[in-house]
Structure formats: C-alpha cells, structure tokens
Amino acid sequence: MKTNAARILDALGVRYELRAYEVDPDDLTAETVARKIGLPLDQVWKTLVARGDRTGVLLAVVAGNAQLDLKALARLAGDRKVDTVPLKEVQPLTGYIRGGVTALGAKKDYPVFVDETIELFDVVSISAGMRGLQILLAPSDYLRVVKATVGPISH
C-alpha cells in the first residue's frame, strides 16, 4: 500500500522500505512501533506538531526514546517560545492523525526541525502517513527531502 509520503519519495527517486505492523489504537507509543517493526527505539522517529510565537506551526522530529526540548526547539527555530499544539489541532493542521504524522506530504510545507542524533544511524524509521506503516530510509535522504534544520532539540 502506497501513501502520499511513499509517492513523494518515489517521485524523488529516494530508496526506502515500507514496513507494516499491527496497530493497537490504545498503544501508539514509539516503543510499541519499534518492537513490532524490529528496530531499536532510537531508530524509530516521531513527528510532533508545535507552534512558535514567531515561526508559527512547525514540525519537530525526535527519536522514539527522546523527549522534545521545547526551549532548545525555540532557540533553533528563532522563536522566544514554542509549545506543542493540542491533539485536536494535529489533523486539521497536517492532514494526519496521531500515530501517523509525517513531515512528508503534510497539508502545508511547514518548517521541519530534526534532532541532530538522527545522523548517527544508517537507517531510521518514520511514519508513512498512516498508523500501521513505517518508512525506513537513510537519514540523509529524509533530511534533504523535508528540508530539515538539524540541531539539538531533544533530551
């Protein structure tokens, strides 16, 4: 099954692998996804939707075993303050539901900020734009395609 995110990668000639898993709507944690797709937790990356006081809506991408550092994200984005958006705003802003948010093919071309530790890996996993499907690809390809700004945004 191809998602918009996969079609974007196809159009750009980016190599990737799709990996499906059984979804438990009551457990959408990165830990569960990592276990189900057979990757270490630090290679499964989650996309969070935030809003900066200057930047507006932005996407923050951090490893599954990390927490987003809002102050560090604000510094990197050039904001004084950044907060994650309420869950009810995620789908209207991105077109994706919780557990399926990705920077690839979101409703708008929001600025993307990715934690610098992504560059430690040969392969990372990101959501394919729906629950139950992950895209495995090289971090360098992902960063290039989403035009990411990379920096220390997690702890």
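We did not get these values from a lab; they are worked out from the coordinates using the rules stated. Note that this is a predicted model, so its numbers are computed, not measured. Ideal geometry is used to build each Cβ from the backbone, glycine not excepted, and the neighbour counts take in all protein chains shown.
Looking at segment 108-119, is at least one residue more than 24 Å from THR55 (Cα to Cα), surrounded by fewer than 19 Cβ atoms within 10 Å (Cβ to Cβ) and more than 11 Å from the chain's Cα centre (by Cα)? For segment 108-119, residues more than 24 Å from THR55 (Cα to Cα), surrounded by fewer than 19 Cβ atoms within 10 Å (Cβ to Cβ) and more than 11 Å from the chain's Cα centre (by Cα): present.
Within segment 120-155, being surrounded by fewer than 18 Cβ atoms within 10 Å (Cβ to Cβ) and aromatic (Phe, Trp, Tyr) holds for one residue alone: PHE121. Pairing each residue of segment 134-155 that is touching a residue at least 12 places away in the same chain (Cβ under 8 Å) and charged (D, E, K, R) with any residue that is surrounded by 15 or more Cβ atoms within 10 Å (Cβ to Cβ) and assigned to a loop (DSSP other than H, G, I, E, B), provided the two are 6+ apart or on different chains, yields C-beta distances under 6 Å for ASP141/VAL14. In the set VAL57, VAL90, only one residue is surrounded by 13 or more Cβ atoms within 10 Å (Cβ to Cβ), in contact (Cβ under 8 Å) with a residue 24 or more places away in the chain, touching a helix residue (DSSP H, G or I) at 6+ places or on another chain (Cβ under 9 Å) and outside any loop (DSSP other than H, G, I, E, B); that residue is VAL57.
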